[in-house]
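Chemist: What follows is a single structure, and I will ask about it in a moment.
Derivation of every value follows stated rules applied to the coordinates shown; laboratory data play no part. Treat the numbers as computed from the prediction; the structure is a model and nothing was measured. No Cβ is skipped: glycine too gets one built from the backbone with ideal geometry, and neighbour counts run over all protein chains shown.
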Amino acid sequence: MITVVCNDNLGKKVRIKRNTDDTIGDLKKLIPAQTGTRWNRIDPKKWFTISKDHVSLGDYEIHDGRNLELYYQWSRHPAGHLPPVSSPVTPPSSPCLFLKTYVNKILKVAKKKKKAAT
């Protein structure tokens with residue numbers, strides 16, 4: 001058993017006991033029990049090394065007392081929270097796109113009124 005210290009530099013420091021043959025994914029699923037964040041949002045790094053979930057701690061040379069930095073992924077969607085593919089009405093993803101579609105609809109209505117008037 002080794003002790004891995006995870007620090008997010010925001011005031012949360014977590015100590016987790018794991019075996020060296022456990023995977024990074026197993027470690028990521030134990031961190032939220034103490035921090036409260038979702039496991040798929042956590043990205044533990046050692047010297048900015050991007051770690052894969054299926055690789056073991058021993059392969060990344062994570063030994064007893066090793067400090068890992070926790071980074072949070074805000075741009076990725078977890079698999080369960082993606083919008084459905086065949087939704088009948090898809091809202092625009094950004095305010096700029098919303099304004100563009102709204103202005104285009106107004107222009108189409110204005111063209112129809114102008115055509116009807118002539």
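Chemist: Would you list which lysines come within 18 Å of Lys105, measuring only between C-alpha atoms, while excluding same-chain residues fewer than 8 positions from it?
Modeler: Partners found: Lys113, Lys114, Lys115.
Chemist: Among the lysines, select those whose C-alpha is under 18 Å from the C-alpha of Lys45, and discard any that sit fewer than 8 residues away in the same chain.
Modeler: Within the straight-line limit of under 18 Å, Lys45 reaches these lysines: Lys12, Lys13, Lys17, Lys28, Lys29.
Chemist: Separate question: Using a 10 Å cut-off around each Cβ, can you sort Tyr102, Tyr60 from fewest to most neighbouring Cβ atoms? Present the calculation step by step, with values, prior to reporting the outcome.
Modeler: Details: Tyr102 11, Tyr60 18.
Result, fewest neighbours first: Tyr102, Tyr60.
Chemist: Now for a different question. Under the 0.36 nm per residue contour assumption, what length would be gained going from the current alpha-carbon distance of Val103 and Asp43 to full extension?
Modeler: Numbers: separation 60, 0.36 × 60 = 21.60 nm, distance 4.08 nm.
Gain in length upon complete extension: 17.5 nm.
Chemist: Another question, then. According to the square roots a ≥ b ≥ c of the eigenvalues of the Cα gyration tensor, what is the shape class of region 2-72, taking rounded for a/c under 1.5, prolate for a/b larger than b/c otherwise, and oblate for the remainder?
Modeler: rounded
Chemist: Same structure again: Find the relative contact order for region 2-72 and round it to a whole percent, using C-alpha pairs within less than 8 Å whose residues are 6+ positions apart. Present the calculation step by step, with values, prior to reporting the outcome.
Modeler: Details: 123 pairs, mean separation 31.2, N = 71.
Relative CO of region 2-72 lands at 44 percent.
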